[in-house]
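This report concerns only the one structure given below.
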């Protein structure tokens, strides 16, 4: 397999875990891809994927379109996220379940947050 796809495999796995998806299957479901496809990408089993698959993967990882090609060329992906969202993703898996629930509720316009409530 070419080194470009090996770089993509390592970067996809690292980014998936960084975003709090320790399970490949959990990430695949959230991304809208099959577990087989994500596993294939993370283990560089193929050297060609459908452009729609790559676009879905890039979107799920918060990368701009064309980032997989950039990684294959030895460059860094370009992030499509806003900096605040990226920072939140970086710490999400460290939050307590109550704070995670409050954040999810706030995003959905639900109940008032317990954060800061005494």
Here, residue 6 and residue 78, labelled 7 Å along Cα→Cβ, have an inter-label distance in nm of 2.8 nm
Report the Cα centroid-to-centroid distance between the range 3-22 and the range 35-50 in angstrom, as an integer. 12 Å
Using alpha-carbon positions, the gyration tensor of the range 3-72 gives root eigenvalues a ≥ b ≥ c; with a/c under 1.5 called rounded, otherwise prolate if a/b exceeds b/c, else oblate, the class is rounded
What percent do you get for the relative contact order of the range 3-72 when only Cα pairs under 8 Å and 6+ apart count? 43 percent
So between residue 48 and residue 34, what do we pick up on full extension, going 0.36 nm a residue minus the alpha carbon distance? 3.4 nm
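Read-outs: derived from the displayed coordinates by stated rules, not from any lab. It should be emphasised that the depicted structure is a prediction, and the values quoted were computed from it without experimental measurement. In this analysis, Cβ positions are derived from the backbone assuming ideal geometry, glycine residues included, and neighbour counts consider all displayed protein chains.
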